[in-house]
Amino acid sequence: MSALAIIQAQLDTERAQNSEQALALAHAQAEITALKAELAAWQDAWQEKSPYIGSSEFLAPAIAGAAAEAEGLALALALAPVPPAPPIGLGGSVYHVESTRRLWCQSPKPEYDLPTQRYGMPARCIPLMRPQLDLIVLPGAHAPTLEAWCFYKAVLGLTDDQVIWTAGSKFNMDDNMDESTVETLVNRMESVSVPGQTTWLLVPYCPTPNFLRWASPLVENSGGLLTIFGESSEWLAKYGDKGGLHRKMSSLHEPSVLETIDPTIAVPRGFVCETVEELLAARELMSDLPEVCIKPLSGATGEGIVLKPTLEFLKEYNFHMGAVNLEHCLNLDLDDRGEAISPVLHYMGNKFCGDYMLDQIMDGCTYTGWSRTAVSQEFQDESARVMTAYLEYSQPNGAGGVDFLSVDGKPLLTDINTGRFNGAHPAKLFHEAHAPPGSEFYCWKLSAAQMEEMNGVGMMELWEALLEAGLGFSPASASASASASAQAGDFNARCSVSSGVFPLISLRGLRYQFLVIGENQTETMALVHRAKEVLARVRPVVPESPVLMAMEANPASIEQLMLELAEAVMESLPDQYDDESQCAWDVHKLIRTPRDEQLEVELPKAARQEMIVSALEGVLEMQTAEAVLANEADEAEANSGSNVTNVAELYTTKAKAIGAANDAIDRQTAKEKLEAEEKEKEAEGKINPIASASASESASASASASDSASASASSRQERP
């Protein structure tokens, strides 16, 4: 019997027992009838908002409580939680207000320690930027990030005044937000704001203490014009990790967060443990289960998961990532690749992120991408019920998501990734912003082995290969941007705005991730297969420069060296560059491009490019030799370990590069001036062949002497 029917029966019984209360009961019945109509209206309105909502049982779980009071019957009706209309002003709605400028600053959590987290989390937000509107903070002194910025700037029509670079000296980017960097950020915001009117949304990965240290004062002094898209510290303490799934071993009598929300939500058996003693006690409580697994509460992308640990392993576990869940190792449903079926849902504030569920493309305990889900509608409906109950109870203001696993075709909530952006958020937000309505979705990242095979291949080369194959996708907004360069226009002219492939993460040597957009599943998977074939054929060009080989021996020096070289070239050739990032990108291409292809690299005043390359490589070769000798001397003196000094510190690049480039340019300028004078005299019929030959020989001899002197100087400095 339904809850409404039970209440109706209770009312009928009360009427028979006490006729004096008939009028009040009739009034209560009228309230119930009106409530039914209201619930039906809710169902109709909400079904337009989300395809997950499908039944009145879900929308109206129950009308609880029918109690008579001593004097005059008062019927107390309490409506159980019902999915609310997305609020305006907070949560997901704030992100989607187009007039609000977004400030992206996504630094990893303090407990993270992977290079892909350090650089990938900030860089993956670049494709979400809107030309001429948004700003982003990126880690400086990192060549792959600089290369990524230059790529997206060219493809999306972004401009250099939309990026703020940190010093890049610390793992956590928030720790590099010093007074000077914050001042630069504030000045940049003020330069594009209408005083008292322009609103900003500050979008962190997660509002950690490191982030709040510098961000909170900005919000407090903004006069309400700057809002953080994220959760409060109190919210994070209660809902911000996976510990909400289970009861804590330290307080077994207290229900878990999920039990409080809805005890019918299916989760694996498990307990939250903080010590080895608790871990062993929890295993004893689950001694009837054949296998368990360890999941750190702070883990992401499968990091730290241990499947089927032995008792000896549990006794030695060191909690290197903090508290953990010890859970039942489930017998999971598998897909056609033999991997676990793992659907996911995401949210932005109180709003579902995207109108579809995704399946994680799994490789063991880690994901390699996402595709539209293949689970049943019943599975999707139950998952949406769980997510909606969680959102309604916890009332988040930021981003998050939940993971499910399939057991006998039913969903089990196995992972709570709340209080932070998830890996799929950038892909879903890009798809939501730029893909045609109803289009299909497939996103994947290259494996570590594939990245190793492609070491040295830049995204520009991969992008050109995709364009050549007719597979490129471009947001329509990139073509419409007033700041779009001629290069961006050329790219977009060769792209489709309805289907194709777009790179979402571009970090040479660290991570490449691609999104495929198609009209239907058949077209999408065909695009995926074609794109993978095209990308697999692109291979790195083996560099001929010994300089690059020396630099690769000490990768930590490359980023600083690029910036120093860029500064040297800019000072040496002030009329050619007024943009440091573009100059650094040009230098980056010069060093990584073989000599026989260098003249084809697009650079300002390409006629002088060979001289610059020659001058820079000469300086670098000399300094590489000096660095090697210095390192050998240090090793011999220390007589232990490598004690390799940072190559970048041993380079006195700036002065030498400027001098070498200037000398080369001066010689070329003198030669060009002489040739111009000769042509002018010849045109006037006044040229003296003998004098001309003599002058030419003199200039040649002078240049030769200068070259010899330079070579001699280099030789002297290269000797030990």
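The values are calculated or read from the model by the stated rules, or taken from the named source; none is laboratory data. This one's a predicted model, so the numbers in the text were calculated from it and none came from an experiment. As a convention, Cβ positions derive from the backbone with ideal geometry for all residues, glycine included, and neighbour counts pool all protein chains shown. We work out accessible area using only protein heavy atoms, side chains counted, and drop any ligands, DNA or RNA first. Shrake-Rupley method; radii C 1.70, N 1.55, O 1.52, S 1.80 Å.
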Can you run down the residue pairs with Cβ atoms below 6 Å, 6 or more apart or on separate chains, where the first is in region 311-337 and farther than 16 Å from residue 282 by Cα and the partner is part of a strand (DSSP E or B) and not hydrophobic (A, V, I, L, M, F, W, C)?
321/296; 333/406
Kindly indicate whether residue 271 is of a type outside the set (A, V, I, L, M), surrounded by 14 or more Cβ atoms within 10 Å (Cβ to Cβ) and either part of a loop (DSSP other than H, G, I, E, B) or within 31 Å of the chain's Cα centre (by Cα) (or both).
no
All positions within region 182-203 that are assigned to a helix (DSSP H, G or I) and in contact (Cβ under 8 Å) with a residue 40 or more places away in the chain
185, 188, 189
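Residue-wise test of (1) of a type outside the set (Phe, Trp, Tyr); (2) surrounded by fewer than 22 Cβ atoms within 10 Å (Cβ to Cβ); (3) touching a strand residue (DSSP E or B) at 6+ places or on another chain (Cβ under 7 Å); (4) modelled with pLDDT of 90 or more.
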{"position": "386", "(1), (2), (3), (4)": "yes, no, yes, yes"}
{"position": "389", "(1), (2), (3), (4)": "yes, yes, no, yes"}
{"position": "411", "(1), (2), (3), (4)": "yes, no, yes, yes"}
{"position": "414", "(1), (2), (3), (4)": "yes, no, yes, yes"}
{"position": "421", "(1), (2), (3), (4)": "no, no, yes, yes"}
{"position": "437", "(1), (2), (3), (4)": "yes, yes, no, no"}
{"position": "450", "(1), (2), (3), (4)": "yes, yes, no, no"}
Could you check how many residues of region 274-312 are among the acidic types (Asp, Glu) and part of a loop (DSSP other than H, G, I, E, B)?
4
What's the number of the condition residue 495 fails, among (1) crowded, with 21+ Cβ neighbours inside 10 Å; (2) of a type outside the set (Gly, Ala, Ser); (3) at pLDDT 85 or above?
(3)
Among (1) touching a strand residue (DSSP E or B) at 6+ places or on another chain (Cβ under 7 Å); (2) in a loop (DSSP other than H, G, I, E, B); (3) under 19 Å from residue 186 (Cβ atoms), residue 211 falls short only on (2)
Need pairs with beta-carbon distance below 6 Å; first residue at pLDDT 90 or above and open to solvent by 50 Å² or more (accessible area, probe 1.4 Å) and within region 362-373, second of a type outside the set (D, E, K, R) and assigned to a strand (DSSP E or B); sequence gap 6+ or separate chains.
372/441
Mind checking which helices (runs of 4 or more DSSP H) fall wholly inside region 355-473 and carry at least 1 residues that are under 23 Å from residue 503 (Cα atoms), over 22 Å from the mean Cα position of the chain (by Cα) and of a type in the set (Asp, Glu)?
448-453, 459-468
